[in-house]
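Worksheet: the structure to be examined is printed underneath.
Derivation of every value follows stated rules applied to the coordinates shown; laboratory data play no part. Nothing here was measured: the structure is a model prediction, and the numbers come from that model. All Cβ positions, glycine included, derive from the backbone under ideal geometry; neighbour counts span all protein chains shown.
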Amino acid sequence: MQLTPALLERAYRGGIFPMPDFFGLIQWYRPDPRAVLPLDKFHASRSLTRKLKSELFTVTFDKNFTGVMCGCANRKPTWINRDFIDAYGQLHAMGKAHSVEVWQDGNLVGGTYGVHLGGAFFAESKFHTVTDASKIALANLVTHLRERDFKLLEVQYLTPHLAQFGVIEVPHLEYMTLLGEALRSPRTF
């Protein structure tokens with residue numbers, strides 16, 4: 001099955017997301033429970049707060065979407081293959097996928113990307129080549145979404161790493177209610 005922007009959008013609207021298996025075959029996932037980051041509950045450690053206030057990094061939005069995706073794919077194993085880069089790149093060209101880039105000395109050193117539909121943002125992946133650059137990307141994404149009154153930041157699965165930021169799990173039915181409300185709330189990224 002070929003990934004297309006229309007197929008991806010239908011899936012996200014239905015609470016489903018794709019990920020290829022080890023053989024490159026696309027599998028579709030609808031975890032129960034689902035991990036979300038309540039935008040009003042984001043937690044930044046003191047050290048992260050200091051870095052956010054410093055001038056160590058420059059943060060941009062949608063300046064190098066493909067670079068962020070390739071940065072996220074640059075690890076073993078990775079589920080982000082050429083088909084994903086192409087399909088999400090098309091979503092980006094349509095204004096439905098976005099990236100946060102973190103720069104240091106003119107070099108892309110971290111970032112995150114995801115899909116934006118209505119008042120929902122579905123974070124897909126993040127990367128860093130400099131300590132805390134992906135955390136800087138996430139913190140700036142949260143601030144950006146808060147400023148635009150987004151309703152939902154979905155992060156797929158709860159991990160110990162994500163728990164430190166305030167990520168929680170919600171049962172499938174609750175997630176679908178949150179998703180429905182967010183999709184009915186048009187927002188501009």
Zone reached by a paramagnetic label modelled 7 Å from Lys63 Cα along Cα→Cβ, restricted to the stretch 91-122 with backbone N below 17 Å, covers 98-113
Given backbone amide H placed at 1.01 Å from N, residues whose amide H is under 5 Å from that of Phe61, ignoring those fewer than 5 places away on the same chain, are Glu101
For the chain, the charge dipole (Cβ of Lys, Arg +1; Cβ of Asp, Glu -1; about the Cα centre) points to a positive end, and the Cα of Phe22, Thr112, Gln90 closest to that extreme belongs to Thr112
So the FRET efficiency between Met19 and Glu169, C-beta based with R0 = 22 Å and rounded to 0.05, is 0.75
With +1 on the Cβ of every Lys and Arg and -1 on the Cβ of every Asp and Glu, the dipole magnitude of the stretch 48-189 about its Cα centre, in debye rounded to the nearest 20, is 180 debye
One computes Rg over Rh for the stretch 1-111 from alpha-carbon atoms, with the Kirkwood Rh, and obtains 1.00
Here FRET efficiency (C-beta to C-beta, Lys76 to Asn107, R₀ 25 Å, nearest 0.05) is 0.70
For the stretch 94-152, the dipole about the Cα centre with charges only on Cβ (Lys and Arg +1, Asp and Glu -1), to the nearest 20 debye, works out at 240 debye
Per DSSP, the loop-located trypsin sites (Lys or Arg not before Pro) within the stretch 43-88 having at most 13 other beta carbons within 10 Å are Arg75
Counting all Cα-Cα pairs in the chain, those more than 27 Å apart amount in percent to 23 percent
Taking a straight Cα-to-Cα line shorter than 19 Å from Lys151, and setting aside same-chain aspartates and glutamates fewer than 8 residues away, one finds Glu9, Asp40, Glu124, Glu169, Glu174, Glu181
Restricting to lysines and to Cα separations under 16 Å from Lys51, and discarding same-chain partners fewer than 8 apart, the set is Lys135
